[in-house]
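Take a look at the structure below.
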Amino acid sequence: MRTDCGCGCGGDATRTSAFVRPRFFAGQLLTEDDLGLLVDYMTAKGRLHNRSLYGPGVICGLGVTCAPCGDGTVTVHPGHALDCAGNDIVVPCAEQVDVRALVREQRVSALGVDCGENCDDEGGRRYGLYVRYQETPVEPVAPYATEEPCPSPGCVPSRIQEGFRFVVRCDDFEDHRHNPGTRLLASIGDLARADGARTRGRRLEYYLDALSTASAGTGRTFRFDAADAKRYAASLAWLRQNTGGEGPPPPPAAREMTEHVRALAGGVARYDTYDAAGQERLKGAYPDLATVQEARGVLATACDRLRAADMEAAWPDPLHRTLARAVVTETAARVVPERGDADAPLEVRMVAQGTPLSHALRVEFRADLGLIREWLLCRLDQAGETGDCRLRTEVAAVDVPPLLPAPPPDSVEKASIAEVQQIAEAAAALTLALRRFLTDAACATLNPPCGDSTDTDVLLAHLELDGCDVVRVCSGIREQVLPGGGAYGEWLPKLYRLRELAERVCCAPLPRLDRPTLPPQGDIVRPYVEGLLGDWPRTGDLEEMLSLLLTPAPGETPPKALHEQVYTTPSEVTDSIQELSILRTQVAELTAALEGLRTQLDSARTQVGRLSGQVPENLESRLAHLEGGSGEPSGEPPTQDGPARPPAKRTRPTRSPKPGETP
């Protein structure tokens, strides 16, 4: 089948059609070209149907058994097969196949390079017995004399006999079945790297609404309701009973303690967003809040114990480990103090939603955004075929915040509103783009590719030889022709469920993330984020579709992974990137300091101008004389003929010398 076809701008084909059939009319002079074209057309159409609708393999019969007399001979029984080019191979009667002769032929054709040892050596060897389609010109006849300038000499075959021959090859059978997961892996590339991008995108999705709400709702209270009060009381009771021990908690207890610290800190942080009058109203509505100061002390004790715990053992996943450390760091810095951290309202509101945002977590979010963006651009460039035409342009246009160096342990550096908004906008755009890319890749698997027709041999059986004798014949794992061909037969059991999911996923409008809208006034109603430290289950139609494609069913061939070159960044480049990030941070700090100096200078100029307007007029001339280095003013105005004369010099009064003193 041709692959260089294209369409013109008007919709008409610009290349020659793959099939041309003859058209006959009255009075037409028929030649061998016309009749030959008719035969070629019908033959090619039949082979196309066989190749595309059924695929290669055995249709019926063609069983291989041991011959009665042995001596390296097997019996191939009658049957029908199709090769991958669509040729019909029909064996009308049983055939005795001399495997030894075929092995010698294989060795001669391979210039002595065989799949095993010599025939006379001991030990088993394995081969594959194949049947191959072949055509033989037969029944030659002498043509009549024509006016052709170069007539055919002698007789010309008048028939084409469709036949077959048996061959023996190395036991390297190629399965022509198509697993849809193979095409999915060709789009997403290495499964481990794709899973890393998806997991980081999943973590960012937990923070999307919280980041947008915290950055836009500074100065607003977060509503404390009955669900928050219930969570507050349950976590406080648990921590009272489990924080009194000594030493770091074991990993299971550390995980559970971290979750209760997050829940209790969220309730206290919501309480801290209220003013004094609002806090008194909350205590009246929820009597458990009378223990807020006790809760701060319990949280301080729990954070001290968690700092000493083995976090790597408690949280083997580094993504969850950073979240757990953020819970401890932010709780100790923003909630444990007696009045909370009034200087960090944004961080307090993040804790109130159950999504603490530490300095280390912000650095990781920046790195995750860069990783997701680069992975998407790489896959969109290498995959090539996509149905989302604007996706690559939109991914390339995402403004990802620059990388930052790793912060010191337990850093409590505060975030700016501009930084949080930039992270939120980039995360919203990239997580949406990631979902669109995976949807497009999953839906493309419902269009199986055309099969490869280069190898036209059809496997009949696997043979095991001992010396020169055939000792075992196995025909159980050869390809069988299935309705719909190998491209469909491999995943026919899951096809109906995939099409049902595709109706809801593939042709639906593009997904979008709706940001939370805040009321113009009053309390902000925001739910507590559940499951942040859990297993992050992947649910939904798209996730079920990906799972069906990548999880082989019993008896199904596994998808073929894409073998691609993985490029690693040299250490010199990574060190330079870190140095560049440090320089960027220093430049930002110097720019902020310069802006502060400019502000102070403008303020000083304003004050000087205000004081100059308040100075009396007679004082200005005195200041002018003092700045010119002269003495007191003479009080005489300057003459018109020239500049004013300088004032007379002062003379010291004379006195009479004392007796004995030299004058």
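Checking each residue of the range 506-529 against the condition of being modelled with pLDDT under 85 and assigned to a helix (DSSP H, G or I) gives no match.
Screening Ala110, Ala85, Ala101 for residues that are out of contact with any helix residue (DSSP H, G or I) (no Cβ under 9 Å at 6 or more places or on another chain) and modelled with pLDDT of 85 or more leaves exactly one candidate, Ala101. Residues in the range 113-127 that are at pLDDT below 55 and open to solvent by less than 60 Å² (accessible area, probe 1.4 Å): Gly116, Cys119, Gly123.
Here Thr243 fits the description: touching a residue at least 40 places away in the same chain (Cβ under 8 Å), buried (at least 18 other Cβ atoms within 10 Å of the Cβ) and among the β-branched types (Val, Ile, Thr). At least 2 residues being under 17 Å from Phe164 (Cα atoms) is the threshold, and among the strands (runs of 3 or more DSSP E) wholly inside the range 18-116 those reaching it are 57-61, 73-76, 79-82, 88-91, 95-98.
Pairing each residue of the range 295-309 that is of a type in the set (Asp, Glu) with any residue that is part of a helix (DSSP H, G or I), provided the two are 6+ apart or on different chains, yields C-beta distances under 9 Å for Asp304/Ala332. Of the numbered criteria (1) of a type in the set (Ser, Thr, Tyr); (2) modelled with pLDDT of 85 or more; (3) under 22 Å from the mean Cα position of the chain (by Cα), the one Ser411 fails is (3). Could you tell me whether Glu385 is open to solvent by 10 Å² or more (accessible area, probe 1.4 Å), touching a residue at least 40 places away in the same chain (Cβ under 8 Å) and of a type in the set (D, E, K, R)? Yes: the conditions hold for Glu385. The listed residues are Asp34, Asp71, Asp40, and the only one of them that is more than 22 Å from Ile477 (Cβ to Cβ), of a type in the set (Asp, Glu) and free of Cβ contacts under 8 Å to residues at least 12 places away in the same chain turns out to be Asp40. Residue count for the range 398-428 satisfying the condition of being closer than 30 Å to Glu385 by Cβ and open to solvent by less than 40 Å² (accessible area, probe 1.4 Å): 5. Is it true that Leu299 is open to solvent by less than 10 Å² (accessible area, probe 1.4 Å) and closer than 19 Å to Val412 by Cα? Here the answer is yes, as Leu299 does meet what is asked. Between Leu542, Leu549, the distinction of being more than 30 Å from Phe222 (Cβ to Cβ), modelled with pLDDT under 85, open to solvent by less than 80 Å² (accessible area, probe 1.4 Å) and not small (Gly, Ala, Ser) belongs to Leu549 only. The set of residues from the range 199-232 being open to solvent by 40 Å² or more (accessible area, probe 1.4 Å) and part of a helix (DSSP H, G or I) comprises Arg200, Arg202, Glu205, Asp209, Ala216, Ala226, Ala227, Lys230, Arg231.
Within the range 350-360, the residues that satisfy the criterion of being surrounded by 24 or more Cβ atoms within 10 Å (Cβ to Cβ) and not in a loop (DSSP other than H, G, I, E, B) are Met350, Val351, Ala352.
The values are calculated or read from the model by the stated rules, or taken from the named source; none is laboratory data. Every value quoted in this text rests on a predicted model; they were computed, and no experiment measured them. For neighbour counting, all protein chains shown are included, and Cβ atoms are generated from backbone atoms with ideal geometry for every residue, glycine included. Surface areas here come from the heavy atoms of the whole protein model, side chains and all, with no ligands, DNA or RNA. Shrake-Rupley method; radii C 1.70, N 1.55, O 1.52, S 1.80 Å.
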